[in-house]
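Peer 1: Quick one: structure below, then a few questions.
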Amino acid sequence: MKKTSVIVLTLMIAFALAFTWSCAKEEEKPVAEAKKEEVMMADAPQVYKLGLSLAITGPTSDAGNPYSKGVEDYFRYANETKILGEDTIECFIRDDQYKTDVTKRNFEDFMTEGIVFYLNYSTGSTLGLKRDFEEEKIAVVPASFHAGNLDDSNYIFLPIASYSKQMIGLAEYVATNHAGDTPKVALFIHPSAFGRGPVEDTKKAVEKGLKIDIVEVVEHGKDLDNTATLQRLQSKGVQYVICHTVQSPVATLIKDAERQGMVAGEFGEAGKITFLGAHYTGGNDLIALAGSAANNYFWSTSYTLTSEAGPGTAAQLDLAKRYGRDDKAANSHNYTNGVMVAQIATEVLRRAKASGKPITRESLYDEMLAMNGYNAFYPLTTVGPVTYSQSDKEGVDELQIYRVEEGVFRAVGAPFMPEFAMKM
Amino acid sequence: MSYFFQLVVSGIVVGSIYALSALGFVLIYKSSRVLNIAHGQIIAAGAFITYALTVWAGISIYISFLLSVVITFFLAMSVERIFLRRLIGEPIISVIMVTIGLMSIIDGLVYLTPFGTENFSFPAFLPKTPITFGGVSISWTQLVGVIITTILIASFSWFFKRSTIGVSMRAVSDDQLASMSVGISVPKVFGLAWATAGLSAAAAGSIIGNITGLNFDTLHAFGITVFPVVILGGLDSIIGAVVAGIIMGLIQQFAAGYLDGHWGLYGTADVLPYIILLVILLFKPHGLFGIHEIERV
């Protein structure tokens with residue numbers, strides 16, 4: 001027993017001596033050699049880590065799934081075409097099934113991995129994690145365009161115009177193009193913070209002189225038949241319904257309206273209702289769900305659509321083809337949405353790298369704030385430039401109105417900035 | 001006045017679809033006293049099978065509907081055989097927990113298919129022009145839905161009252177031990193209950209899918225939406241499901257038509273069914289047609 005103790009003690013002393021000697025040798029390393037190693041490290045290809053937590057399955061995954069494909073494809077493309085030289089982007093993409101607690105866990109895991117930029121998804125989780133983003137001082141671009149995301153926040157950047165701006169933009173479009181007295185409008189919204197958010201802002205715009213009469217705000221349920229709602233609205237003289245929800249309830253609403261012969265064939269047709277909607281109500285999925293009832297539906301978004309030929313849409317279709325995506329994903333505006341936020345992230349990385357700054361959360365945040373004026377970013381997947389500053393955290397300010405014509409969304413007029421949204 | 005009748009017609013249409021959706025709960029509970037939490041998922045699966053056969057396999061929608069009903073019948077029977085058969089005699093809460101697990105499994109499986117994350121729509125197969133009479137309109141989709149619901153509910157009522165198997169199923173629900181002692185195969189009855197529930201779910205899913213479009217979240221949510229109907233009618237009563245379904249449908253339509261948008265009231269169509277449910281349960285805790293069991297010692 002005594003012999004064993006002596007052997008163990010000897011071994012421990014030997015190990016301690018060897019360790020001290022190796023440390024001393026390290027310190028003795030010539031300064032020039034140490035510097036050389038540092039330079040080599042700096043020249044070595046870097047991997048920039050990013051995170052995305054979203055609903056690939058579960059509620060709203062019809063939007064989240066193509067969105068994640070857009071993000072994945074663009075980062076893959078950026079790496080393969082060496083947009084960042086030899087450096088590469090590694091984006092962790094995780095499904096949160098639209099559950100805020102899972103999003104939080106994913107975000108914490110991503111932080112442990114050392115991400116420098118974060119892409120979030122839902123309104124609920126963006127609002128819920130707002131404090132975490134502030135604490136971590138990390139720039140975040142969500143898929144939610146809720147204006148409330150920006151309240152008391154420094155690090156959240158909306159990719160395009162907020163829902164409020166979209167709803168006000170649609171209301172302005174109604175006020176400008178309506179013939180006759182003040183148009184009577186109903187708002188058809190999702191029964192949640194996401195749906196209710198823009199209502200107050202639209203009412204404020206009316207107070208500031210926007211010439212529409214908001215007759216009623218309808219919060220929809222899981223309705224199988226909207227006959228009562230539609231007849232009530234028509235009895236109150238409603239001529240326009242502006243929707244801010246997801247596609248499925250809008251599809252049921254306009255199908256019921258079509259059955260009752262209420263859908264206007266042209267904008268503002270007398271005695272009929274013209275239906276309009278914000279970003280998440282539209283797209284090809286609405287046409288798939290509503291069929292012919294979707295004709296003459298007016299929709300606002302800041303993205304370009306593949307139904308309208310252009311350099312951005314051609315590039316998007318090429319990207320989808322390159323990575324073997326089917327037609328449905330390739331033509332989805334949510335795929336465009338995913339591509340665009342990945343473009344923003346790649347661009348700030350490129351700019352920070354070009355200016356010789358180290359790639360950190362702080363430097364990327366600074367690059368986001370500097371993205372304005374001559375430094376505005378033109379991703380081609382949107383109808384206007386992406387601009388951010390300390391006082392402007394909504395990326396693309398322009399909106400484009402699209403209208404369904406024979407089952408396809410077509411642009412109506414030129415992109416515009418909602419005048420009343422600017423006044424608020 | 002036509003407005004009132006329009007609301008009545010819409011209420012009956014919606015109510016009968018609720019009744020058909022609620023039927024699956026009732027059929028399983030009636031024979032096994034188990035509440036199948038995964039019923040909404042089976043409704044969605046039925047709708048997707050009809051769509052896949054119609055659009056992807058190119059079969060006529062009428063035949064696809066019948067095939068879907070048959071497939072879901074056997075699918076539900078298999079689910080009972082694989083997951084639930086071993087739990088016969090175990091506490092009811094264990095079986096309900098298994099149905100919760102089943103819900104997650106079906107969710108996961110559907111998410112592996114395009115139906116989990118994409119929206120689809122049945123091809124139009126009925127005339128688009130609605131049937132209008134005296135200012136009251138009903139779409140062909142709704143009318144066909146009501147007809148299918150009526151046929152299925154009448155068939156199930158007859159089945160439980162008149163057929164030997166139906167009476168056996170009621171006997172098992174009443175007392176498993178006594179049923180076994182007179183030679184009724186309890187496992188077979190359970191299998192059949194799940195199968196018939198699957199059949200009704202496929203029919204309900206296909207009808208709802210035709211009205212709302214095929215969206216997994218919307219479809220499986222009907223499993224929860226019809227819960228007040230099941231409770232109000234009485235968990236073990238087919239006629240209760242029909243009456244409660246129509247009551248709920250009418251309440252929703254009248255609330256949307258007469259209350260919402262007046263006196264500062266909004267969203268009453270979603271809340272009122274639950275308020276009425278609570279009031280009725282205060283006086284009739286077993287629902288309108290539920291059996292009130294009294295044990296005498």
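The values are calculated or read from the model by the stated rules, or taken from the named source; none is laboratory data. Keep in mind the model is a prediction, meaning the values are calculated, not measured. Positions of Cβ are generated from backbone atoms using ideal geometry, with glycine treated the same way; all protein chains shown enter the neighbour counts. SASA here: full protein model, heavy atoms, side chains in, ligands and nucleic acids out. Shrake-Rupley method; radii C 1.70, N 1.55, O 1.52, S 1.80 Å.
Peer 1: Can you name every residue in the stretch A:370-424 that is acidic (Asp, Glu), touching a strand residue (DSSP E or B) at 6+ places or on another chain (Cβ under 7 Å) and not in a strand (DSSP E or B)?
Peer 2: Residue satisfying the conditions is A:Glu398 alone.
Peer 1: If you go through the stretch A:54-86, how many residues are within 14 Å of chain B (Cβ to nearest Cβ), surrounded by fewer than 24 Cβ atoms within 10 Å (Cβ to Cβ) and part of a loop (DSSP other than H, G, I, E, B)?
Peer 2: Residues meeting the conditions: 5.
Peer 1: It is to be established whether one or more residues within the stretch B:209-224 are within 20 Å of the chain's Cα centre (by Cα) and under 14 Å from B:Leu23 (Cβ atoms).
Peer 2: yes
Peer 1: When you go through A:Phe133, A:Phe145 one by one, which is the residue that is of a type in the set (Phe, Trp, Tyr) and surrounded by fewer than 24 Cβ atoms within 10 Å (Cβ to Cβ)?
Peer 2: Exactly one residue qualifies, and that residue is A:Phe133.
Peer 1: Oh, and also: Could you pull out the residue among B:Leu192, B:Leu250 that is within 14 Å of chain A (Cβ to nearest Cβ) and at pLDDT 90 or above?
Peer 2: B:Leu250
Rundown of residues vs (1) closer than 28 Å to B:Arg85 by Cα; (2) within 14 Å of chain A (Cβ to nearest Cβ); (3) outside any helix (DSSP H, G or I); (4) at pLDDT below 90, yes/no style:
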site: B:Leu143; (1), (2), (3), (4): no, yes, no, no
site: B:Ile153; (1), (2), (3), (4): yes, no, no, yes
site: B:Ser179; (1), (2), (3), (4): yes, no, no, yes
site: B:Thr196; (1), (2), (3), (4): yes, no, no, no
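Peer 1: Shifting gears a bit: Of the residues B:Thr117, B:Thr149, B:Thr129, only one is within 14 Å of chain A (Cβ to nearest Cβ), open to solvent by less than 30 Å² (accessible area, probe 1.4 Å) and more than 22 Å from the chain's Cα centre (by Cα); which?
Peer 2: Of the residues listed, the single one that is within 14 Å of chain A (Cβ to nearest Cβ), open to solvent by less than 30 Å² (accessible area, probe 1.4 Å) and more than 22 Å from the chain's Cα centre (by Cα) is B:Thr117.
Peer 1: Please determine, by comparing only the residues of the stretch A:105-130 that are crowded, with 17+ Cβ neighbours inside 10 Å and among the hydroxyl-bearing types (Ser, Thr, Tyr), which one is nearest to the chain's Cα centre (by Cα).
Peer 2: Within the stretch A:105-130, the match that is nearest to the chain's Cα centre (by Cα) is A:Tyr121.
Peer 1: Then there is this: Within the stretch A:155-226, considering only strands (runs of 3 or more DSSP E) that don't extend past its boundaries, which have at least 3 residues that are within 14 Å of chain B (Cβ to nearest Cβ) and under 27 Å from the mean Cα position of the chain (by Cα)?
Peer 2: The strands (runs of 3 or more DSSP E) meeting that bar are A:184-189, A:213-219.
Peer 1: Something else about it: Quick one: which of A:Leu253, A:Leu233 is farther than 26 Å from B:Gly40 by Cβ, modelled with pLDDT of 90 or more and either part of a helix (DSSP H, G or I) or within 32 Å of the chain's Cα centre (by Cα) (or both)?
Peer 2: A:Leu233
Peer 1: Moving on to the next point. Can you pull out every residue in the stretch B:33-54 that is assigned to a helix (DSSP H, G or I), open to solvent by 10 Å² or more (accessible area, probe 1.4 Å) and not hydrophobic (A, V, I, L, M, F, W, C)?
Peer 2: Selection gives B:Tyr51, B:Thr54.
Peer 1: Pairs only if they're at least six apart or on different chains, beta carbon under 6 angstrom, first in the stretch B:9-35 and farther than 18 Å from B:Ala256 by Cα, second acidic (Asp, Glu) and outside any helix (DSSP H, G or I); list them, first residue then second.
Peer 2: Taking only residues 6 or more apart or on different chains, the pairs are B:Tyr29/B:Asp236; B:Lys30/B:Asp236.
Peer 1: Determine, yes or no, whether B:Asp270 is in contact with a helix residue (DSSP H, G or I) (Cβ under 9 Å, 6 or more places away or on another chain), within 10 Å of another protein chain (Cβ to nearest Cβ) and either more than 19 Å from B:Val14 (Cβ to Cβ) or surrounded by fewer than 23 Cβ atoms within 10 Å (Cβ to Cβ) (or both).
Peer 2: yes
Peer 1: Here's another thing I want to ask about it. In the stretch B:82-114, what count of residues is obtained for those that are open to solvent by 50 Å² or more (accessible area, probe 1.4 Å) and more than 14 Å from chain A (Cβ to nearest Cβ)?
Peer 2: 12
Peer 1: Go through (1) out of contact with any Lys or Arg (no Cβ under 7 Å at 6 or more places or on another chain); (2) over 24 Å from A:Ile359 (Cα atoms) one by one and return the number of the condition A:Val141 breaks.
Peer 2: The number of the failed condition is (2).
Peer 1: Which one of these does B:Ser60 not meet: (1) touching a residue at least 12 places away in the same chain (Cβ under 8 Å); (2) of a type outside the set (Val, Ile, Thr); (3) farther than 20 Å from B:Ala195 by Cα?
Peer 2: (1)
Peer 1: What number goes with the only condition from (1) part of a helix (DSSP H, G or I); (2) touching a residue at least 40 places away in the same chain (Cβ under 8 Å) that B:Arg86 does not pass?
Peer 2: (2)
Peer 1: Does A:Ser363 qualify as being modelled with pLDDT under 95 and small (Gly, Ala, Ser)?
Peer 2: No: the conditions fail for A:Ser363.
Peer 1: Quick one: in the stretch A:208-253, which of the residues that are touching a Ser or Thr at 6+ places or on another chain (Cβ under 7 Å) and among the basic types (Lys, Arg) is most open to solvent (accessible area, probe 1.4 Å)?
Peer 2: A:Lys211
Peer 1: Looking only at the stretch A:256-277, filter to residues that are in a strand (DSSP E or B) and in contact with a helix residue (DSSP H, G or I) (Cβ under 7 Å, 6 or more places away or on another chain); which one of those is farthest from A:Arg410 (Cα to Cα)?
Peer 2: A:Ile273
Peer 1: Could you tell me whether the stretch B:229-244 includes any residue that is within 13 Å of chain A (Cβ to nearest Cβ) and closer than 29 Å to A:Leu286 by Cα?
Peer 2: No - not one qualifying residue is present in the stretch B:229-244.
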